[in-house]
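The values are calculated or read from the model by the stated rules, or taken from the named source; none is laboratory data. Computed from a prediction, not measured in an experiment: that's the story for all the values here. Ideal geometry is used to build each Cβ from the backbone, glycine not excepted, and the neighbour counts take in all protein chains shown. Heavy atoms of the whole protein, side chains included, go into the accessibility calculation; ligands, DNA and RNA do not. Shrake-Rupley method; radii C 1.70, N 1.55, O 1.52, S 1.80 Å.
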Amino acid sequence: MKRNEEEFTDIVERYKAVIYKVCSVYADDREEMADYYQEVLANLWRSYASFRGESSLSTWIYRVALYTCVSFVRRKSSRPRSVSLDVGAAMYEEDDRSSQLKELYRLIGRLNRFDRALILLWLEERPYAEISEIMGITKSNVAVKLMRIKERLQRMSEE
């Protein structure tokens, strides 16, 4: 099946909030989030023609977004700063978040990359089977890791 730009644009429009959420967990500020978002879109576009539908579209998008952000974090220290394009990140400006949500994201930001991805998927109410597929671990491992992450976040919030 031939994939075209219009189809891709529709998919991005449908899942842009998901992409923004993944990027916001890894980005330190709005500019960095816009950079991550652009990188995710580029990777989605590059791999779109080869998407075979073996997983759901949302699983594929989560996987690409998570791996892109993790890779971007790894190499950003060696990469020169770039000028970001305004990609409409205003929907996630600070004024729109409650203080509890900001605190939660601050605590999540202190977790390692894998745990951040795992808790993000859980917060998005993804089923354990889908989280397992995206993260490459068993469903029972998802449950154990999530329990430990929640306990860690609770301890961190009490500090």
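Which percent of the accessible heavy-atom area of segment 118-159 goes to carbon and sulfur, probe 1.4 angstrom?
50 percent
What ranking, highest mean first, results for peptides 140-152, 19-31, 120-132 when packing means the other Cβ atoms within 10 Å averaged over each residue?
Top to bottom by mean Cβ count within 10 Å: 19-31, 120-132, 140-152.
Relative to the present Cα-Cα distance, how much length would full extension add between Phe51 and Ile137 at 0.36 nm per residue of separation?
On the way: separation 86, 0.36 × 86 = 30.96 nm, distance 2.13 nm.
Contour length minus the Cα-Cα distance gives 28.8 nm.
Applying a 10 Å radius around every beta-carbon, put 34-46, 59-71, 99-111 in order of their mean neighbour count, most first.
59-71, 34-46, 99-111
Stretch Glu39-Val144 to full length: gain in nm at 0.36 nm per residue minus the Cα-Cα span?
34.7 nm
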